[in-house]
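The values are calculated or read from the model by the stated rules, or taken from the named source; none is laboratory data. Treat the numbers as computed from the prediction; the structure is a model and nothing was measured. Neighbour counts run over all protein chains shown; Cβ positions are idealised from the backbone, glycine included.
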């Protein structure tokens, strides 16, 4: 299992971060990891800068920065665990950019953040609230290390964990991504005796079109479908064979359907507390293009999510592009 040793915990005074703090402290203590409490103060709105002149505006901003530092000092004091090496830092700027720059500067191997949530658009009917707001989504798209977005109401232990994998890919990087997803899901399930689920959703892209146009018969389509399912079942078995020593055998869901839709449905049906999933990109390319499945899931899911990226992922954020 990947044992995180340099954890970055993002502090936002506008959200209830008790669940994230508790989990970060527990993980840091268990892994003997260094824990950095990090907070970003956004620039003062133009209205305030206009209302306050010159030095008064700068003085106000410095007071805001110092107040945030004091909040972190009190939080570290409350943590009060001598086994954990704890640091703090407060910076100004755009939250997701500064968080990623901190990851690059100090080589953090995990970012933990409270899901800030987004309300429906102006209360308009038909628009549902989202658990993950702009900062979290930016991190899941662009942060080079795993991002653990924790639902504010999450309990200390997760009862049901779901690992979403895609073993049908021939790409070695994607195979290693599935292994990382499983490593994390199993290692998090083990200490709390959590129920572990594994899902792989597969489909036959374009099958309806070629069937409707008479390119193949229904019998040929059925044979094609059976062949694909059999191959995916074998690939999934090969992946899970690496975890045969688990005390509790995972519940496996091999489902024909669109990945995003089936993952969301299983999360709802099983009451999943934590979803561990990879996000797909063109490896080695600067800039992250989140896969359709991940985009669909993150826009609608209502549980904590631990998202990971391929090993060769390159973030578009640099320390220089300020």
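Structure values in brief
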{"read-out": "Failed item in (1) over 27 Å from residue 254 (Cβ atoms); (2) out of contact with any strand residue (DSSP E or B) (no Cβ under 8 Å at 6 or more places or on another chain); (3) at pLDDT below 90, with residue 117 passing the rest", "value": "(2)"}
{"read-out": "Subset of region 78-93 that is touching a helix residue (DSSP H, G or I) at 6+ places or on another chain (Cβ under 9 Å) and in a loop (DSSP other than H, G, I, E, B) - its residue that is surrounded by the most Cβ atoms within 10 Å (Cβ to Cβ)", "value": "84"}
{"read-out": "Single residue of 12, 16 found to be modelled with pLDDT of 90 or more, out of contact with any strand residue (DSSP E or B) (no Cβ under 6 Å at 6 or more places or on another chain) and surrounded by fewer than 20 Cβ atoms within 10 Å (Cβ to Cβ)", "value": "12"}
{"read-out": "Per-region count, region 239-267, residues closer than 23 Å to residue 187 by Cα and assigned to a helix (DSSP H, G or I)", "value": "9"}
{"read-out": "Counted residues, region 7-24 - those being more than 17 Å from the chain's Cα centre (by Cα) and more than 20 Å from residue 273 (Cβ to Cβ)", "value": "3"}
{"read-out": "Residue under evaluation residue 138, criteria (1) touching a strand residue (DSSP E or B) at 6+ places or on another chain (Cβ under 9 Å); (2) at pLDDT 90 or above, criterion not met", "value": "(1)"}
{"read-out": "Failed item in (1) surrounded by fewer than 19 Cβ atoms within 10 Å (Cβ to Cβ); (2) more than 30 Å from residue 271 (Cα to Cα); (3) modelled with pLDDT of 85 or more, with residue 159 passing the rest", "value": "(2)"}
{"read-out": "Residues (surrounded by 19 or more Cβ atoms within 10 Å (Cβ to Cβ) and under 18 Å from residue 168 (Cα atoms)) located in region 256-268", "value": "259, 260, 262, 263"}
{"read-out": "Which listed residue, of 37, 75, is surrounded by 15 or more Cβ atoms within 10 Å (Cβ to Cβ), at pLDDT below 95 and not in a loop (DSSP other than H, G, I, E, B)", "value": "75"}
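Table: residues versus (1) closer than 24 Å to residue 261 by Cα; (2) within 33 Å of the chain's Cα centre (by Cα); (3) modelled with pLDDT under 75; (4) in a loop (DSSP other than H, G, I, E, B).
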| residue | (1), (2), (3), (4) |
| --- | --- |
| 181 | yes, yes, no, no |
| 186 | yes, yes, no, no |
| 211 | yes, no, yes, no |
| 216 | no, no, yes, yes |
| 219 | no, no, no, no |
| 222 | yes, no, no, no |
| 225 | yes, yes, no, no |
| 233 | yes, yes, no, no |
| 237 | yes, yes, no, no |
